[in-house]
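Structure record follows, encoded as C-alpha cells.
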Amino acid sequence: MAISTDEVRHVARLARLALSDGELATLGGQLGQILDYVKQLDRLDTAGVLPTSHAVETGTPFREDVAVPFPDREALLANAPDREGDAFRVPRVIED
Amino acid sequence: MSTIPVHEWTLREAADRIRSGGVSSRELTEAILGRIAAINPKINAWVTVIPEKAMAQAAVFDEMQARGESAGPLHGVPVGLKDIFCTKGIKTTCGSRILHNFVPPYDAAVTERVLCAGAVLLGKQNMDEFAMGSSTETSFFGNTLNPWDPSRIPGGSSGGTAAAVASAMCFAAMGTDTGGSIRQPASLCGVVGLKPTYGRVSRYGMIAFASSLDQGGPVTRTVADAALMLGIVAGHDRRDSTSLDLPVPDYDAALGRDVKGLRVGLPKEYFEGEGLDPQVRAAVDRALAALVAAGAEAVEVSLPHTEYALSTYYLIAPAEASSNLARYDGVRYGHRAEGTSGLIEMMSKTRAEGFGPEVKRRIMIGTYALSAGYYEAFYGKAQKVRTLIRRDFDAAFQKADVLLTPTAPTPAFRIGEKTDDPLTMYLSDIYTIPCNLAGIPGISVPCGMSSEGLPIGAQLLANHFREETLLTAAGAIERAIPLPRVAPFKG
C-alpha cells in the first residue's frame, strides 16, 4: 500500500511533527509496509461484532465533582521551559 | 547458614534479615550501591541512581528499626523503578529526550505503594523510549546490555529493569507491560516478570503509552518475591478510573498450593509458527513435563485469532499512543526547540527534536489510523478483532485453568540485529501481545537455558483476576527446574 509523500506530510502535520524530507521518505515507506501487514485484518468478517475499547468491563465510576488544589504550585511551574511569574510563556499564538 | 553474597539474596531474604536485625538497611543499601557502581557502567540498566537519597532513607529505616517500628513488608530493602513511574523530586525521563529533564511534582501510585511498604529507592531504570520497543535500543540514554551476554539485548521495553534484577543491582523492581514489556525482558534475562490483570495495579502517575493496554507489575528473581511485590502494589485507586475495585487476595497463600488437577492448556497456534526456536520449544516442553509430574493435566486448546493479534496491537497501541503523546508540546515541561517563531512551529519542532525514530513511527501510524476516512477501516476494525481475540481466551478458559506458552520466540538476540526492520522487531512480542489485548494476567518464569547459556522463559496466562493461579503454576515450574537466579556478569 503506497502512501504518497503529500499524504505522509499531511499526517505529520496533524501529528505536529516537523519532519525532514529524509524522514518523510523513510517513514512513508515503513508506514506503507506496516499498513500492508495490518490489512490482513480485512480477511476477517466482523459484521455484528462489537468493538472492545477496554478488555475488563468495570462500568463508569462516579465521584463528587470537587476540585482539589495541587499543593505545590512552584513544583509544577519549575518544569516550564519558559515562564513568566505563574504563567507558561509560549511564542505568539496568532500568526500573521 | 547461607554463604551467598548479600546482593544475591532474594527480596524476602533481604527483608527477613533486616527484620531480624542480621543486617541494617544502610549495610544492604551500601552493598547494592557498590554493586551498581561496579557493574552499571557496563550494563547501563539505570538512567538515574540516587545514592545520597537512598542512604539517607536507609538511615531513617534503621532508626525506626532501633525504636522497634516497621515501615512495612519491604522495610529497608533497596529496589528500583522503571523510569516510567513518576517520582516526586526525582527526574523521570521515560527513556526520552523530550522528558530528559522532567522532575515530577508528585509520585505515581506504584511509587507511593512501594515506598509506603518501606522500600529504599535506588533510582530509575532504563527503558525503550516511551516503552516503545522490545530491546531497550530505542532509549535516548543508550541501550542496556544483557548481563548474561553483553553482546545481546536484554529485551524491552523494561530492559533496564530486567537487567538490573538479573545482575543483582536491586532486590526487585517494577516495570510496565503494554504488549509484553515486563514478560519478554524477564524471559530474556532469566528472571520472573508478572503482568497483572488490566486494572489490578493503578496507572496513576505511570506515563501513558496505550492506556487500554498498559499495566504495571513486578520483576523479581523468584516467584515468591513476585507475589510479595504484587500484594504491595495491587489494589483500588480512585485516581485511576479503570482501577479494579476488588479485594486483593493473599498472594502468599497461592505459593504453596498444589497443581494437582490443574488443567494446563497448550494453545496450538503458539507452537505452530515457524519463528519458534527449537531450544525454546524444548524448554517449554520441560516446564509442561514438570507441571504434569506434579499432577497437572495437559489439554490442547485453540486461540484461532492468534495470527491477527500483532496487526490488532499495531493499530490500537499506536492510535492510543498518538493521542497520549500529544501532551508533549514544549509548553509545560520537557524539551523545547529553540529559535522558532509561532506556537505551531515551536510545537512541531519540539516534537521532531524530542522524539526518536520509533516513537515518531508509532505516532505517525496512530495518527494515520485515527484520521478522517481511515478510522473505521483501521482503528474500528482492530477494536472488533480485539473482541474476537478476547472471545478466544474466554473459550480456552472453559477448558483450561492456565495456559502455557513460550514467552518469546527466541532467546536474547544480538544488539542491532533487528533495528533496521520494525516488523521483525515487533514479532518478538508475538506470544505476549494477545494477553494485553484480552486484559488477562500473565507471568514469565525461567524454565531453561540455551546451549549458548542464554535464559529461556515460559509464559503462563490465566483468566481475569486469577494471578493466584499464575503464582501457583509458576512456583511449581520454578521448584522443578532449578536455575541460577543471578547472571554471572562480573563487569
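The number of residues in segment B:335-354 that are more than 7 Å from chain A (Cβ to nearest Cβ) and surrounded by 18 or more Cβ atoms within 10 Å (Cβ to Cβ) comes to 4.
Residues that are among the aromatic types (Phe, Trp, Tyr), loosely packed, with under 14 Cβ neighbours inside 10 Å and within 10 Å of another protein chain (Cβ to nearest Cβ) do occur in segment A:65-79, at least one of them. Please work out which residue is surrounded by the fewest Cβ atoms within 10 Å (Cβ to Cβ), limiting yourself to segment B:309-330 and to residues that are more than 23 Å from the chain's Cα centre (by Cα) and touching a residue at least 12 places away in the same chain (Cβ under 8 Å). Among them, the one singled out is B:Asp329.
Somewhere in segment A:39-55, is a residue surrounded by fewer than 16 Cβ atoms within 10 Å (Cβ to Cβ), under 30 Å from B:Glu376 (Cβ atoms) and in contact (Cβ under 8 Å) with a residue 24 or more places away in the chain? Within segment A:39-55, one or more residues are surrounded by fewer than 16 Cβ atoms within 10 Å (Cβ to Cβ), under 30 Å from B:Glu376 (Cβ atoms) and in contact (Cβ under 8 Å) with a residue 24 or more places away in the chain. Among the candidates B:Ile43, B:Ile32, the residue that is under 30 Å from B:Trp148 (Cα atoms) and in contact with a Cys (Cβ under 8 Å, 6 or more places away or on another chain) is uniquely B:Ile32.
Going through (1) among the aliphatic types (A, V, I, L, M); (2) in a strand (DSSP E or B); (3) farther than 22 Å from B:Thr472 by Cα one by one, B:Ala298 falls short only on (3).
Any residue that is more than 7 Å from chain A (Cβ to nearest Cβ) and in contact with a His (Cβ under 7 Å, 6 or more places away or on another chain) - is there at least one of those in segment B:301-319? No.
The residues listed here are B:Ala253, B:Ala337, B:Ala283, B:Ala289; of these, the one that is more than 24 Å from the chain's Cα centre (by Cα), farther than 30 Å from A:Val11 by Cβ and small (Gly, Ala, Ser) is B:Ala289. Per the conditions (1) touching a residue at least 60 places away in the same chain (Cβ under 8 Å); (2) in a helix (DSSP H, G or I); (3) crowded, with 17+ Cβ neighbours inside 10 Å, the sole criterion not satisfied by B:Leu266 is (2). Condition check: of a type in the set (A, V, I, L, M, F, W, C), more than 8 Å from chain B (Cβ to nearest Cβ) and either closer than 30 Å to B:Lys91 by Cβ or over 23 Å from the mean Cα position of the chain (by Cα) (or both). Does A:Ala47 satisfy that? Yes: the conditions hold for A:Ala47.
Here is a yes/no grid of residues against (1) in contact (Cβ under 8 Å) with a residue 24 or more places away in the chain; (2) surrounded by 24 or more Cβ atoms within 10 Å (Cβ to Cβ); (3) not polar (S, T, N, Q):
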position: B:Ser134; (1), (2), (3): yes, yes, no
position: B:Ser139; (1), (2), (3): yes, yes, no
position: B:Arg152; (1), (2), (3): yes, no, yes
position: B:Ser158; (1), (2), (3): yes, yes, no
position: B:Thr161; (1), (2), (3): yes, yes, no
position: B:Val165; (1), (2), (3): yes, yes, yes
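Taking the listed residues B:Arg390, B:Arg362, the one that is under 23 Å from the mean Cα position of the chain (by Cα) and at the interface with chain A (Cβ under 8 Å from one of its Cβ atoms) is B:Arg390, with no other qualifying.
What's the total number of residues in segment A:25-40 that are within 18 Å of the chain's Cα centre (by Cα) and more than 10 Å from chain B (Cβ to nearest Cβ)? Within segment A:25-40, residues that are within 18 Å of the chain's Cα centre (by Cα) and more than 10 Å from chain B (Cβ to nearest Cβ) number 0.
Restricting attention to segment B:419-478, which residues are more than 13 Å from every other protein chain (Cβ to nearest Cβ) and at pLDDT below 95? Passing the criteria: B:Ser428, B:Asp429.
Only residues that are touching a residue at least 12 places away in the same chain (Cβ under 8 Å) and under 21 Å from B:Leu325 (Cα atoms) were counted across segment A:12-34, and they come to 5. B:Ala337 meets each of the listed conditions (1) in a loop (DSSP other than H, G, I, E, B); (2) out of contact with any Ser or Thr (no Cβ under 6 Å at 6 or more places or on another chain); (3) not hydroxyl-bearing (Ser, Thr, Tyr) apart from (2). Considering (1) more than 8 Å from every other protein chain (Cβ to nearest Cβ); (2) hydroxyl-bearing (Ser, Thr, Tyr); (3) closer than 17 Å to A:Leu24 by Cβ, the lone condition that B:Tyr375 does not fulfil carries the number (3). For segment B:400-418, the criterion of being within 11 Å of another protein chain (Cβ to nearest Cβ) and either touching a Cys at 6+ places or on another chain (Cβ under 6 Å) or over 30 Å from A:Glu74 (Cβ atoms) (or both) is satisfied by no residue at all.
Among all positions in segment B:378-388, there is no residue which is free of Cβ contacts under 8 Å to residues at least 60 places away in the same chain and hydrophobic (A, V, I, L, M, F, W, C). Residues in segment B:93-133 that are in a loop (DSSP other than H, G, I, E, B) and closer than 23 Å to B:Pro488 by Cα were compared, and the one that is nearest to the chain's Cα centre (by Cα) is B:Met127.
The values are calculated or read from the model by the stated rules, or taken from the named source; none is laboratory data. None of these values were measured; they are calculated from a predicted model. Note: ideal-geometry Cβ built from the backbone for every residue, glycine included; neighbour counts use all protein chains shown.
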